[in-house]
Amino acid sequence: MTTEIETLREQLQALTERVDALESDAQPTRTPVAAPVDEEKFWALAGLQSRLTNHPETADGETMLVGSLTLPTGAPVAWQQSAGTAGLLEAEWSDRAATFAALGHPVRVELLRHILSGTHATADLAQIETLGTTGQLHHHLRQLVAAGWVRQSGRGTYEVPATRVVPLLACMVGAER
């Protein structure tokens, strides 16, 4: 019995030494962990995961907005935007609050929908009862311009910049329950 105990102690000691050696030599590595996905259903996600696997600099992950569409006006829009996850999580978020706050009013999101649908002139927007009085309309337009969701494209006309169309629609998709 003493021999068995000594053998077990020796094995435990050898195991402890091996673990210690492994831990001291181990360099922390980050490998993207990609959960298997149904590539037919999640084709964009599968592409992103493939990109993460092939680009070690994106080991922390990446978040993307991507879209290709034709607006009701017939204007085509294609946009892709991405950011590394570590950078997003480390960034100061409070400076982005005003951008989100501009979308926090029902009249403003309705106003954006109308502008994307082709109603660009202030006079035409003022005819839409749900957008309020002319003064209220101008107030909401100023808020959207300040946040970068809308820009003035001419005297009394507004548009959603192409670089904001897909992010705006992504916000709408993300807001679905």
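The values are calculated or read from the model by the stated rules, or taken from the named source; none is laboratory data. From a predicted model like this one, the values you see are computed outputs, not experimental measurements. Positions of Cβ are backbone-derived with ideal geometry, glycine not excepted, and every protein chain shown enters the neighbour counts. With ligands, DNA and RNA removed, areas are computed over all heavy atoms of the protein, side chains included. Shrake-Rupley method; radii C 1.70, N 1.55, O 1.52, S 1.80 Å.
So if the hydrodynamic radius of the stretch 88-177 is defined as the Kirkwood radius over C-alpha pairs, what does Stokes-Einstein give as its diffusion coefficient at 25 °C and 0.890 mPa s, in µm² per second?
Once the numbers are plugged in, D ends up at 180 µm²/s.
Heavy atoms only, probe 1.4 Å: what % of the accessible area of the chain goes to carbon and sulfur, would you let me know?
55 percent
Would you please classify the overall shape of the stretch 62-131 from the alpha carbon gyration tensor, given that a ≥ b ≥ c denote the square roots of the eigenvalues, rounded means a/c under 1.5, and beyond that prolate means a/b larger than b/c while oblate covers the rest? Verdict is oblate for the stretch 62-131.
For the chain, hydrophobic long helices are taken as DSSP H runs at least 27 Å long by C-alpha position along their axis with mean Kyte-Doolittle hydropathy of 0.5 or more; none is present.
Stretching A162 away from E6 to a fully extended chain increases their span by 48.7 nm, per 0.36 nm per residue minus the current alpha-carbon distance. The mean accessible area for residues of the chain, using a 1.4 Å probe and ignoring ligands and nucleic acids, is 71 Å² per residue. Taking each residue as 0.36 nm, the span from A175 to Q136 lengthens on full extension beyond its C-alpha to C-alpha distance by 11.6 nm.
If you rank I115, I128 by how much accessible surface each has, with a 1.4 Å probe, what is the order from largest down?
So, going from the largest accessible area down, we get I128, I115.
In the chain, helices alone account for a calculated mean residue ellipticity at 222 nm of -16000 deg cm²/dmol, with every DSSP H run of four or more residues adding -39,500 (n - 2.57). The magnitude of the dipole of the chain, with charges of +1 and -1 set on the Cβ of Lys/Arg and Asp/Glu and taken from the Cα centre, is near 1400 debye. Applying 1/(1 + (r/R0)^6) with R0 = 35 Å to the Cβ-Cβ distance of S153 and T53 gives a FRET efficiency near 0.25. Which of the trypsin sites (Lys or Arg not before Pro) found in the stretch 128-158 are loop residues per DSSP with 11 or fewer other Cβ atoms within 10 Å of their Cβ? For trypsin sites (Lys or Arg not before Pro) across the stretch 128-158 that sit outside H, G, I, E and B with at most 11 neighbouring Cβ atoms in 10 Å, the list reads R155.
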